[in-house]
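J.: Pasting in a structure now, in structure tokens, and then I'll have a few things to ask.
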Amino acid sequence: MVRFSRLCFSKLAFQTIMMKIFFKLSLLLFLFPLFYSCGPSGSESGKKFFRYNESGEITSLDPASAKRVENIWAVNQMFNGLVQLDDNLQIVPCIAKSWTISDSGRTYTFHLRNDVFFHDHPFFPNGKGRKVVAQDFVLSLFRLMDMDEEQSAKYLFSNIARDDRSDNLGFIAPDDSTFKIFLIDPFPPFLNILTMQYCSVIPNEVVEHYGADFRRNPVGTGPFMFKAWEEGVKLVLVKNEHYFEKEKDAALPYLDGITVNFVKDKQSAFIDFEKGDADMLSGADMVNIDLIIDKDGKLKPEYAGKFKMQTGSYLKTDYLGFLVDADSVIVKKSPLRIKEVREAIGYAIDREKIVKHLRNSIGTSAAQGFLPKGMPSFDSTLQGFNYNPEKSRELLKKAGFPGGKGIDEITLNITEQYLDLSQFIEHELEEVGIPVKIYLNRPIVQIELIANAKVNFFRKSWVADYADAENFFACFYSKNFSPKGPNYTHFKNIAYDQLFEKALNESDNAKRFAIYNQLDKILIEEAPIVPLFYDQVFRLVNNDIEGFTLNPMNLLNLKRVKKK
């Protein structure tokens with residue numbers, strides 16, 4: 001009987017394995033001609049394909065899931081929204097050719113182009129993409145609001161007025177070319193939110209047909225169309241011949257397509273790039289920077305002229321965070337509950353050394369506040385934490401720990417990717433008398449621990465969702481406590497909240513920026529976080545690529561890129 005069971009299991013396992021092999025072979029046979037033609041030469045029968053490596057996973061091609069950078073980059077090639085950002089973070093038209101804001105900032109009216117069509121797809125009549133109309137935006141944006149609580153887009157749309165003005169939807173389409181959005185309260189950064197990939201227009205009938213599988217069958221209006229995707233292996237997009245945007249009367253895009261590889265090992269990815277099998281590598285953490293650039297951030301002589309290096313401002317701040325919730329048990333037991341101890345940490349760290357020696361000058365020292373360089377409201381005159389170990393020791397003494405005597409050991413939670421950084425911080429703090437223990441977490445565990453207020457000292461970074469400082473300062477608004485909001489430190493300050501709310505109702509940029517400056521000063525004074533460095537966009541680009549620009553959002557824009 002036992003032998004029979006094992007035999008049956010063996011046959012079943014064999015059949016299962018063979019079915020998997022058959023499926024893989026079938027998929028390979030389907031994709032092989034396409035993938036092979038987009039190989040080292042970067043062409044498909046002489047066509048020009050842009051190739052880049054994505055070391056992370058693309059989990060979905062649905063704009064509603066455009067939370068991760070990997071997803072955002074892919075979605076941005078295939079979809080459009082009402083408005084978009086240029087490389088200088090200015091809001092410019094996209095599918096909406098113009099707009100007006102009325103009712104004291106509570107009503108937004110968009111006037112749409114009449115020459116925008118969804119990609120050709122068999123689900124449309126005769127396989128031809130139909131014209132985009134205002135009702136498509138009603139359904140697309142309402143879909144975001146109607147999703148489960150975990151969707152970041154739902155949080156962003158919490159100010160939509162679902163009342164009788166819009167049949168409780170928050171949006172209306174008076175006609176095919178007019179689209180209206182109603183807000184509960186004025187919110188000056190709202191147009192910036194609409195530039196996010198979440199807010200792309202999608203064809204409702206196609207989404208209803210595919211359901212959750214729309215993530216693998218995207219249909220948009222963008223410069224490139226979906227062709228094939230074997231998850232974790234390769235993604236292929238091809239030119240949209242009917243794209244509506246032009247550049248000096250020239251049809252966009254210039255490229256014939258895009259291929260994305262998923263090589264996780266950064267050394268292998270760099271070898272592929274050197275061989276010409278990829279046109280770009282992105283991110284200082286994704287390459288061995290010690291091999292490629294010197295401590296001053298310059299390409300080493302052996303690579304000079306072989307490819308181009310691009311760097312620029314990035315709306316991203318890396319920081320040390322403290323849980324400061326007075327009701328938390330772990331806070332009550334920790335010396336980090338004392339503001340002077342947190343300040344002492346801020347003055348004990350040499351940020352210039354971090355940037356120069358650990359990052360080879362990719363990035364800049366966070367000498368101001370939480371708001372990064374590149375943000376329109378960044379204030380270079382703001383005085384943040386500077387390297388001053390003597391002041392750090394004075395603050396420890398003021399806190400009741402002269403020379404570090406009597407202070408309990410603190411635990412810094414970090415992921416393995418930042419082990420070098422954490423060891424440097426450990427050394428700096430111990431130099432002034434603060435004992436530190438490093439605790440390594442897996443990335444997903446680290447995220448969960450921080451979100452659920454289970455750790456009181458951690459390394460984290462914040463990347464702008466949209467190009468307004470409100471997005472950064474919302475991280476410390478008391479109504480945004482995690483896990484429902486982005487206030488991971490559980491910082492609560494009445495003066496801060498009042499200023500934050502005042503900024504939300506200030507439409508004059510200069511006045512609003514001045515309020516943002518006051519918010520940053522409060523964060524420095526109360527020290528729920530210690531900024532470490534402002535990151536930079538970092539890309540290696542092959543010499544035959546032209547028109548490839550950077551932007552502080554680190555958004556990948558390929559519609560104007562040319563390949564020799």
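The values are calculated or read from the model by the stated rules, or taken from the named source; none is laboratory data. Everything quoted here is computed from the prediction, not taken from an experiment. No Cβ is skipped: glycine too gets one built from the backbone with ideal geometry, and neighbour counts run over all protein chains shown.
J.: Return yes when Leu412 is assigned to a helix (DSSP H, G or I), on the phi < 0 side of the Ramachandran plot and not polar (S, T, N, Q) and no when it is not.
T.: No; evaluated as a whole, the condition is false for this residue.
J.: So Gln84 fits all but one of (1) within 21 Å of the chain's Cα centre (by Cα); (2) without any contact (Cβ under 8 Å) to a residue 24 or more places away in the chain; (3) not in a loop (DSSP other than H, G, I, E, B); what number is the exception?
T.: Just one mismatch for Gln84, condition (2).
J.: Within segment 461-480, work out how many residues are in contact with an Asp or Glu (Cβ under 8 Å, 6 or more places away or on another chain) and surrounded by fewer than 20 Cβ atoms within 10 Å (Cβ to Cβ).
T.: Number satisfying all stated conditions: 3.
J.: Moving on to the next point. If you take the residues in segment 401-427 that are out of contact with any strand residue (DSSP E or B) (no Cβ under 9 Å at 6 or more places or on another chain) and in contact (Cβ under 8 Å) with a residue 60 or more places away in the chain, which one is farthest from Ile289 (Cα to Cα)?
T.: So the residue we want is Phe401.
J.: Taking Asp327, is it assigned by TED's automatic domain parsing to the domain that holds Asn452 and out of contact with any Gly (no Cβ under 6 Å at 6 or more places or on another chain)?
T.: Considered against the rule, which asks whether it is assigned by TED's automatic domain parsing to the domain that holds Asn452 and out of contact with any Gly (no Cβ under 6 Å at 6 or more places or on another chain), Asp327 comes out as yes.
J.: In segment 442-449, is there at least one residue being surrounded by 15 or more Cβ atoms within 10 Å (Cβ to Cβ), of a type in the set (A, V, I, L, M, F, W, C) and in contact with a helix residue (DSSP H, G or I) (Cβ under 8 Å, 6 or more places away or on another chain)?
T.: No, there is no match, as no residue in segment 442-449 is surrounded by 15 or more Cβ atoms within 10 Å (Cβ to Cβ), of a type in the set (A, V, I, L, M, F, W, C) and in contact with a helix residue (DSSP H, G or I) (Cβ under 8 Å, 6 or more places away or on another chain).
J.: Which one of the conditions (1) surrounded by fewer than 24 Cβ atoms within 10 Å (Cβ to Cβ); (2) touching a helix residue (DSSP H, G or I) at 6+ places or on another chain (Cβ under 9 Å); (3) among the aromatic types (Phe, Trp, Tyr) does Phe538 fail to meet, given that it meets all the rest?
T.: Just one mismatch for Phe538, condition (1).
J.: Hey, another quick one. Any residue in segment 99-120 that is of a type outside the set (Phe, Trp, Tyr), touching a Gly at 6+ places or on another chain (Cβ under 8 Å) and surrounded by 20 or more Cβ atoms within 10 Å (Cβ to Cβ)?
T.: Within segment 99-120, one or more residues are of a type outside the set (Phe, Trp, Tyr), touching a Gly at 6+ places or on another chain (Cβ under 8 Å) and surrounded by 20 or more Cβ atoms within 10 Å (Cβ to Cβ).
J.: Next question. Is it the case that some residue within segment 160-169 is out of contact with any helix residue (DSSP H, G or I) (no Cβ under 6 Å at 6 or more places or on another chain) and part of a strand (DSSP E or B)?
T.: yes
J.: How many residues are of a type outside the set (Lys, Arg), at pLDDT 95 or above and in a loop (DSSP other than H, G, I, E, B) when one looks only at segment 130-152?
T.: 2
Conditions (1) at pLDDT below 95; (2) not assigned by TED's automatic domain parsing to the domain that holds Tyr155, marked per residue:
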site	(1), (2)
Cys199	no, no
Asp213	no, no
Asn240	no, yes
Tyr243	no, yes
Asp249	yes, yes
Leu255	no, yes
Gln267	yes, yes
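J.: Look through segment 482-511, keep the residues that are modelled with pLDDT under 90 and farther than 19 Å from Gly105 by Cβ, and return whichever of them is surrounded by the fewest Cβ atoms within 10 Å (Cβ to Cβ).
T.: Filtering segment 482-511 for residues that are modelled with pLDDT under 90 and farther than 19 Å from Gly105 by Cβ, the one surrounded by the fewest Cβ atoms within 10 Å (Cβ to Cβ) comes out as Lys484.
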